[in-house]
Each structure stands twice: as structure tokens, then as C-alpha cells.
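Presented below is the structure to which this report refers.
The values are calculated or read from the model by the stated rules, or taken from the named source; none is laboratory data. Predicted model, so just to flag it, every value in this text is computed and none were measured. Note that each Cβ is placed from the backbone with ideal geometry, even for glycine, and that neighbours are counted across all protein chains shown. These area figures cover heavy atoms from the full protein model, side chains too; ligands, DNA and RNA do not enter into them. Shrake-Rupley method; radii C 1.70, N 1.55, O 1.52, S 1.80 Å.
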Amino acid sequence: EKEVAVHSHEGVKDHSITLGFAQVGNESEFRAANTQSIVEAAKEAGVELLLKNADNDQEKQIEIIREFIKQKVDVIAFSPKVEHGWEEVLREAKEAGIPVILSDREINVKDSSLWTSFIGSDFVEEGRRAARWLVNEEASEGVHIIELEGTRNSAPAEGRKQGFEEILAENPNFKILESYQGDFTHEIGKKMMKNALDQYGKDIDVVYAHNDDMAIGAIEAIEEFGLQPGSDIRIISIDATKKAFRALSTGKLNFSVECNPLLGPQIMKSAKDLVLGKEIPMKIITAERTFTQEEAGKEIKKRNY
Ligand code: GYE
């Protein structure tokens with residue numbers, strides 16, 4: 001009796017698993033923090049991590065996933081660059097019996113059995129939060145907005161645009177003059193802001209940036225144009241990385257909406273549960289908040305990315 005008891009306890013001990021992670025790129029501060037969280041959490045959890053970077057190229061990301069399938073990893077996780085084009089490779093993963101976890105970005109596929117769980121944020125709500133602050137903050141007449149969008153066709157860009165416009169639809173004196181494709185990077189965000197300033201100049205009241213890297217680029221472009229970011233032109237940004245906190249405390253950024261990149265621990269827990277045959281939730285939405293300039297001061301020392 002005792003012998004069997006010891007044996008069965010042995011049987012359920014966690015054996016280490018192999019997780020293949022196809023990271024979308026290295027486009028932003030969020031992404032750097034996200035990658036670090038995944039690497040640290042794998043070590044912590046005793047998970048063997050195969051991490052490959054797709055350099056913001058969907059074809060490359062698909063190839064990396066194919067490689068993981070060949071290597072017969074236990075679980076695949078990835079941050080899908082865009083919402084479409086995943087059916088074929090995810091069908092191959094399913095046929096190989098490898099469960100797939102979506103990290104920080106969702107995909108648009110008819111067959112939801114092609115992925116097991118999404119761990120990330122509610123982007124539409126992030127967009128609403130950005131707009132709610134604006135419509136409450138600004139009471140004056142027509143407010144003209146420039147939007148810097150994240151990677152075209154990515155779930156965060158789509159969701160943040162949708163949520164922002166949903167609130168604006170209830171407040172007709174807020175108008176988006178033009179939306180530019182900033183691809184979530186500092187460099188393109190800055191370039192697009194320069195174009196906007198050349199086109200609209202002092203007619204711009206607000207910039208809505210889908211992430212901090214583009215917002216910091218816009219701040220630089222506004223200063224080089226000779227205007228004051230944070231006062232002549234107010235700026236709202238999403239992610240709440242350290243760069244945003246610094247800009248909030250120097251008065252160059254007006255409002256920051258958090259998007260949590262520290263998904264590593266949840267990804268590892270879900271991967272281990274999957275291998276142990278446990279059911280895991282289809283969606284795990286991370287808790288997030290917002291920050292005004294006043295709140296940034298005391299918060300910044302608690303931030304670690
Ligand atoms: O907001 C941005 C990153 O997928 C939620 O991608 C993520 C977004 C994040 O490049 O900084």
C-alpha cells in the first residue's frame with residue numbers, strides 16, 4: 001500500500017517541459033520588458049525555453065513556429081504580429097498535438113480550436129480609457145487630434161483605434177484630423193509626427209499615440225518644430241513604460257494608459273498546466289490602470305521597466 005502511494009506521488013511530479021516562443025520583434029520598450037519577463041519566468045519555472053525573434057516579419061514568425069513543430073516542443077507561444085494569416089501553421093501545430101498560447105496579441109481565425117489561450121490586455125478598453133480622460137479633461141470648443149497608430153492590422157492597433165473612436169463618437173467636438181501609421185516604433189512615430197506638423201501645424205491640439213515609443217518620437221518632433229509638448233500640444237500614450245513616466249514627470253506627456261508586458265509567469269503556469277492535462281482559461285486579461293502627471297511622481301519608483 002505504502003509503496004504504491006510513494007510511486008503515485010512520484011508520478012505527478014512536474015517534469016520539465018519545452019516551450020517554443022516566437023517573439024514578434026524588438027520594436028518597443030514594452031517588447032523588451034515582455035521578452036525579459038518570458039526569459040526570467042521560464043528560468044524560475046524550470047521550463048526549457050526556445051525563444052526566437054521574428055524581427056517584425058510575419059513570414060519569419062510562421063517559419064519559427066514550423067521549426068518548433070519539427071522540434072516537437074511541448075507548447076508553442078507567440079505574439080502574433082498581425083491578426084490574419086495564421087490558419088495554415090496553426091493547423092499544422094494542432095495536427096502535431098502541440099497546444100498554442102497567444103501572448104499579448106490576439107488573432108482573427110474562424111476556428112478557435114487552433115489556439116488554446118490568450119494572455120494579454122483588453123485593447124479596446126485601453127483606447128476607451130485614453131479617450132475618456134481627453135473628453136473629461138478638455139472642455140473647450142473643437143479639439144483637433146492626430147492619431148499615431150501601431151502596427152497595421154495588429155490586434156492592439158485595431159482595438160485601441162476602435163475604443164478611442166467609440167468614446168469620441170459620443171463627443172462630436174473632438175475630431176481626429178488624421179491617423180498615421182507609426183508601426184509602434186520611436187523612429188516612425190517621430191517621422192509621422194513631423195508630417196502631421198508640416199500638414200496641420202498649430203491646428204493640432206492633441207496627439208493620441210498607440211504606444212510610448214511613438215509618443216516619445218512625437219514629443220521630439222514637436223520640440224524640433226518649436227512647440228511645447230504637454231501644453232501647446234497635449235499627448236496621450238499607451239503602455240506606461242519608464243519613458244512615459246519620465247515624460248509625465250517633466251510635463252511633456254499628459255496621460256498614460258498601462259498595458260502590462262510582464263506576462264512571463266502566467267505563460268509558464270498555463271504551459272505547465274496544459275502539459276499536465278489541466279483545463280486553462282481561454283482568455284486571461286491582465287490587470288491594468290492609468291496614470292496622470294500627478295500620479296506619476298510616486299509611482300515611478302515602483303516601476304521596473
Ligand atoms: O503596446 C507595443 C508593442 O502587442 C500590446 O506591441 C503589444 C504592443 C505594445 O510594440 O509597445
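When only the Cβ of Lys, Arg, Asp and Glu is charged (+1, +1, -1, -1), the dipole of the chain relative to its Cα centre reaches about 620 debye.
Quick check: at a probe of 1.4 Å, how many percent of the accessible area of the stretch 142-289 sits on carbon and sulfur atoms? Exposed carbon and sulfur together represent 49 percent of the surface. When the GluC sites (Glu not before Pro) in the stretch 257-305 are filtered for DSSP coil states and for at most 12 other beta-carbon atoms within 10 Å of their beta-carbon, the remaining sites are E279.
For the residue pairs K202/K243; K94/K278; K43/K301; K242/K298; K81/K242, the alpha carbons lie more than 19 Å apart in K202/K243; K43/K301; K81/K242. Per-residue 3J(HN,Hα) values for the stretch 216-221, derived from phi via the Karplus relation 6.51 cos²θ - 1.76 cosθ + 1.60 with θ = phi - 60°, read 5, x, 5, 4, 4, 5 Hz in sequence order (x marks Gly and Pro).
Please give the residues of the stretch 167-203, grouped as numeric ranges, whose backbone N is less than 20 Å from a label point set 7 Å along the Cα-to-Cβ vector of N153. The answer is 179-185, whose backbone nitrogens lie closer than 20 Å to the label point. As a length-normalised measure over Cα pairs under 8 Å and 6 or more apart, the relative contact order of the stretch 164-305 settles at 18 percent. Based on the alpha-carbon gyration tensor of the stretch 60-121 and its eigenvalue square roots a ≥ b ≥ c, which shape applies: rounded if a/c is under 1.5, prolate if not and a/b is larger than b/c, or oblate? It is rounded, given that a/c, with a ≥ b ≥ c, falls under 1.5.
Normalised per residue, the accessible area of the chain is 46 Å², obtained with a 1.4 Å probe and no contribution from ligands, DNA or RNA. Across the stretch 43-50, computed HN-Hα scalar couplings (Karplus, 6.51 cos²θ - 1.76 cosθ + 1.60, θ = phi - 60°) run 4, 4, 8, x, 9, 7, 9, 10 Hz from first to last residue, x flagging Gly and Pro. Amide H contacts of A77: G20, F21, A22, I101, each under 5 Å away and 5 or more positions distant or on a separate chain (H built 1.01 Å from N in the peptide plane; Pro and chain starts excluded). When both bridge partners sit in the chain, DSSP labels roughly 5% of those beta bridges antiparallel. Report note on the peptides 209-222, 237-250, 38-51, 123-136: ranked by the mean count of other C-beta atoms within 10 Å, highest first, their order is 209-222, 237-250, 123-136, 38-51. By the equivalent-ellipsoid construction on the alpha carbon gyration tensor, the chain comes out with semi-axes of 40, 20, 16 Å, ordered largest to smallest. Using only the Cα atoms of the stretch 49-164, each taken as one equal point scatterer with no solvent, compute I(q) by the Debye sum, divide by I(0), and report log10 of the ratio at q = 0.22, 0.24 Å⁻¹. Each listed q maps to, in turn, -1.22, -1.39.
Cα convex hull, the stretch 92-247: 123 Å³ per residue, rounded to a whole number. Here's the list of aspartates and glutamates a cross-link from K269 could span, going by alpha-carbon distance under 15 Å and ignoring same-chain residues fewer than 8 apart: D14, E40, E44, E48, D74, E279.
Coupling constants for the stretch 188-197 follow from the phi torsions by the Karplus curve (6.51 cos²θ - 1.76 cosθ + 1.60, θ = phi - 60°), and in residue order they are 6, x, 5, 4, 5, 5, 4, 4, 5, 5 Hz; glycine and proline get x.
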